Amino acid sequence: MLRQASRLLARAPILAARARPFSTDLPAAQSADATFTEAWAKVIPNMDPPKTPLSFMQPRPPTPSSIPSKLTVNFVLPYSSELATKEVDMVIVPATTGQMGVLPGHVATIAELKPGVLSVHEGTEVTKYFVSSGFVFIHANSFADIIAVEAVPLDQLDANLVQKGLADFTSKLSSGTTDLEKAEAQIGIDVHSALNSALTG
Amino acid sequence: MAMAALRREGRRFAPLISPRPITAVRSSPIAPSHEDEGPIGVRYISTQVVRNRMKSVKNIQKITKAMKMVAASKLRAVQTKAENSRGLWQPFTALLGDLPSVDVKKSVVVTISSDKGLCGGINSTSVKISKGIHKLNSGPEKETKYVILGEKAKAQLIRDSKKDIELIITELQKNPLNYTQVSVLADEILKNVEFDALRIVFNKFHSVVSFVPTVSTVLSPEIVEREAESGGKLGDLDNYEVEGGETKGEILQNLAEFQFSCVMFNAVLENACSEQGARMSAMDSSSRNAGDMLDRLTLTYNRTRQASITTELIEIISGASALEG
């Protein structure tokens, strides 16, 4: 019983001391959805309501009246956050309509990405990644969220394998019978030709 | 000394008490029999019984300590992945907001749980929250269905909500978790289940001792349009231009599917972390309990052993003194 008491006592200071356990997960100042908590309390009074993602996120700043000088970019992948709230001058994203340049003060947009090269311009340095596909959200407050499934820096691409893959998928397209096979082969061709032009262009 | 006095008393009543206990003790001084009788009906537990119990408790302690080590190493592996995936769902919540109290006709609760047990109370918590959400969203013309990931939630929910279960998926962690696997899973769910809102229930990992039950809501594109038109939290969505030749509806469809797979990936990783953390603390308290039990049994064993030695000595001495005088 004493052990339980000591564990309970230890838990409170532990949680307080670890109020910022991970830098990626700061609890935001705003509370969770009030209507949800009230509705929960009415139906299930004995249990605490579950938390919602809003309580785990930093709130975004509101739209400023004048155009800010820098664009804040979040570039996330399933396996890592490549760029987290990094201030840059410009990013060029491979949207489905072509390469789209994003500057601070860009109009709010939702765009889907196609396989292509993403370049981040910060002062004089340019970092290029090849992204497979994803989405980009540009918010009115000069925040850009780029969510991609896969992204590799260009120097990690092997030109020979790209050529081989392109040849493979072209042959699969011609030999494919069902619509599904043909669609998969077409996707492969699209990605590999984009890879090719990324390496050469 | 008190025992010696008792012994003398016993000897006076010797004709009444059967001589069996004395001869039994004399004939087997080294290995006491199962049921030892001391002076006038005081019974001791045999040391053999206590020794067996001590051996099994010690083995249990070793096993639980090993399980704790294994859980700790697995936790380290999954924790980095989970932390890295935390950035994945934040852009979606920033764009589309979070509307857990949205009023929809068809909601689907995706409950994420573990396949293996001995992990504390996290699976029961997830199931309780899922049932709570089911109750919250019940009403006329509203229905809530379950999609279950993991054996433990399946066992609990199949008992009373069997007709509401749409899909059951188990053996998620046979191979290390990766995005491809989760996106295939998300695809299956999206193909087979009709929904207006998907509510994903999982345990978010805060630290090794703290797991917070969380519910993430993913809305279908039609509901997103409806909420955007009616204003409120999603009212700003109309301000966003949509690039590309596709219509807004198609983009929202792709967006909803992508959001679901991203949120699922993060949820599955967080739940895996919580499972290992809960198992660590469960096994830790279990080995500590086993240690306590072992201490108590050791005391009992020593008491029993000393008592039987004392009994023998008294026997011998009183026998010797009876012979002398």
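Throughout, read-outs are computed from the coordinates displayed, never taken from laboratory work. Please read all numbers here as calculations on a predicted model, not as lab measurements. Using ideal geometry, Cβ is built from the backbone for each residue, glycine included, and neighbour counts are taken over all protein chains shown.
By the count of neighbouring beta-carbon atoms within 10 Å, fewest first, B:Leu190, B:Leu269, B:Leu255, B:Leu118 end up ordered B:Leu118, B:Leu190, B:Leu255, B:Leu269. In terms of its alpha-carbon gyration tensor, region B:66-106 comes out oblate; a/c meets the 1.5 threshold, while b/c is at least as large as a/b. Karplus-derived 3J(HN,Hα) values for region B:131-143, using 6.51 cos²θ - 1.76 cosθ + 1.60 with θ = phi - 60°, are 5, x, 5, 4, 5, 4, 9, 8, x, x, 6, 10, 9 Hz; glycine and proline are entered as x. Ordered by the count of other Cβ atoms within 10 Å of each Cβ, fewest first, B:Ile200, B:Ile317 give B:Ile317, B:Ile200. Take the alpha carbon gyration tensor of region A:139-201, find the square roots of its eigenvalues, order them as a ≥ b ≥ c, and report rounded if a/c is under 1.5; if not, report prolate when a/b exceeds b/c, else oblate. Verdict is oblate for region A:139-201. Distance between the modelled labels on B:Thr80 and B:Asn192, one decimal in nanometres: 3.5 nm (7 Å Cα→Cβ projection). Listed by chain and number, the lysines whose C-alpha is less than 18 Å from the C-alpha of B:Lys248, apart from same-chain residues fewer than 8 away, are A:Lys114. Ordering B:Leu219, B:Leu323, A:Leu54, A:Leu199 from the fewest to the most neighbouring beta carbons within 10 Å gives B:Leu323, A:Leu199, A:Leu54, B:Leu219. Counting 0.36 nm for each residue step from B:Ile60 to B:Arg159 and taking away their Cα separation leaves a gain of 32.5 nm. Treating r as the C-beta distance of B:Ser73 and B:Ser318 and R0 as 56 Å, the FRET efficiency rounds to 0.35. Peptide A:108-115 shows a mean partner chain C-beta count of 5 within 10 Å per residue C-beta. Please work out whether region B:212-287 counts as rounded, prolate or oblate from its C-alpha gyration tensor, where a ≥ b ≥ c are the square roots of the eigenvalues and a/c under 1.5 means rounded, while otherwise a/b larger than b/c means prolate and anything else oblate? Note, shape of region B:212-287 comes out prolate.
Taking 2.2 N^0.38 Å as the expected size of a compact globular protein, what ratio does the Cα radius of gyration of region A:54-173 give against it, to two decimals? Dividing the Cα radius of gyration by 2.2 N^0.38 Å gives 1.18.
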